[in-house]
Amino acid sequence: MSAQWVHEWTRITVDGQTAFTLSDSSAVHAERAAKGYHIQKRVWVEKSAVSQSELAAQSTLYTAQGKAMGQTLIPLTLLDQGVPSDRRMAKKYVTGLIQGEVNSSAFISNSWPERSLVEFLTEKRVGPFWDNFSAYLDAFGFEKVKPQPEDLSDAGIDTWVLRYADARNQDEQRFRMIIFTRGEVGIQCVLTHEETLDLPKIKLFEEKAYGQLHHLSKPTTTQSSGYEYAAYAFIPLED
């Protein structure tokens, strides 16, 4: 998961009409709108349900594994339509993006990875750092990067990346957040694609072309190079 999670009862609308449903705790890509939030979801649908770019009403929405995760209630535009990378799925399904509008109450509490990280670093914790932090990484689906730039591995720094999952119709999307840790001891740096975080004990903040660097320890020149290499490794060429 690399986005916000919505409640099953969420009313998702298009032009004021309830447009589609999603299973409880489904992840979506969300952006603030004039009223509420604009959400986007990557879906797999049966080929027979799509005519040109229109997805029929009462169509089942599937995950990449072919598991039902929702249903359309009205005809929808299937954006950025493509062929599933999995050959088995490609025989029956097409992929694409659907969009809608929701209120802020649609999102499950603590399902924003950036906000949850700020809370994690701000609140008083009980127990070893890594026991708590590894639970955070697992909850949001961070991946440990292997191999990583030598500038980082030589310094004993591990790299954890959280990708977008529903911003585009692609298997591998750009990073949303990258966290650099000193092994299992603590956090060295947090790199975000867009958001500036109000993290405690910031030593240095840098705004770069590839994102926002929040340093909890001042970086060496080689570490800074490693952060940049790691960032560009998770930015698709078409960006």
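In degrees, nearest 10, range 0 to 90: what is the angle between the Cα axis of helix 221-233 and the longest Cα principal axis of the chain?
It works out to around 10 degrees.
Which value, in debye to the nearest 20, gives the size of the charge dipole of the chain about its Cα centre, when Lys and Arg are +1 and Asp and Glu are -1 at the Cβ?
Dipole magnitude for the chain comes out near 440 debye.
When the chain is modelled as a GNM with alpha-carbon springs shorter than 10 Å, which of Ala167, Ala30, Ala49 fluctuates the most?
Ala49
List Arg182, Arg176 from most exposed to least, where exposure is judged by having the fewest other Cβ atoms within 10 Å. Before the final figure, lay out each step's value.
Details: Arg182 15, Arg176 25.
Ascending number of Cβ neighbours within 10 Å: Arg182, Arg176.
Any chance you could give the angle, 0 to 90 degrees and rounded to 10, that helix 113-122 forms with the longest Cα principal axis of the chain?
Between helix and principal axis, roughly 30 degrees.
Among Lys201, Lys124, rank each residue by its count of other Cβ atoms within 10 Å, from fewest to most, as a rough exposure measure.
Lys124, Lys201
As a footprinting exposure proxy, order Leu22, Leu197 by other Cβ within 10 Å, with the fewest listed first. Could the numbers behind the result be given before it?
On the way: Leu22 24, Leu197 16.
The fewest-first ordering by Cβ neighbours comes to Leu197, Leu22.
Which of these values of semi-axes √(5λ) of the Cα gyration tensor in Å was calculated from the structure shown: (i) 35, 20, 15; (ii) 41, 18, 12; (iii) 33, 24, 14?
(i)
What are the semi-axes of the equivalent ellipsoid of segment 113-233, taken as the square roots of 5 times the eigenvalues of the Cα gyration tensor, listed largest first and rounded to whole Å?
Semi-axes from the Cα gyration tensor: 20, 18, 15 Å.
Determine the alpha carbon to alpha carbon distance for each of Lys92/Lys144; Lys124/Lys144; Lys92/Lys146; Lys91/Lys144; Lys124/Lys218; Lys67/Lys124 and list only those over 30 Å.
Values: Lys92/Lys144 33 Å; Lys124/Lys144 26 Å; Lys92/Lys146 34 Å; Lys91/Lys144 32 Å; Lys124/Lys218 23 Å; Lys67/Lys124 39 Å.
The pairs that break the limit, which is 30 Å between Cα atoms, are Lys92/Lys144; Lys92/Lys146; Lys91/Lys144; Lys67/Lys124.
Taking the Cα centre of segment 113-233 as the origin, how large is its charge dipole in debye, to the nearest 20, when only Lys and Arg (+1) and Asp and Glu (-1) carry charge on their Cβ atoms?
On the way: 14 positive and 20 negative charges, 48 e Å.
Computed charge dipole of segment 113-233: roughly 220 debye.
What number, rounded to the nearest 500 deg cm²/dmol, is the helix-based mean residue ellipticity at 222 nm of the chain, given -39500 (n - 2.57) per DSSP H run of at least four residues and division by all its residues?
Numbers: 5 runs with 43 residues, N = 239.
Taken over the chain, the calculation gives -5000 deg cm²/dmol.
With +1 on each Lys and Arg Cβ and -1 on each Asp and Glu Cβ, and nothing else charged, work out how big the dipole of segment 4-106 is about its Cα centre, in Debye to the nearest 20.
That gives a dipole near 340 debye.
Here, each number is a calculation from the coordinates, and none is a lab measurement. Remember, it's a predicted structure, so these values are computed and weren't measured experimentally. Cβ atoms come from the backbone with ideal geometry, glycine included; neighbour counts cover every protein chain shown.
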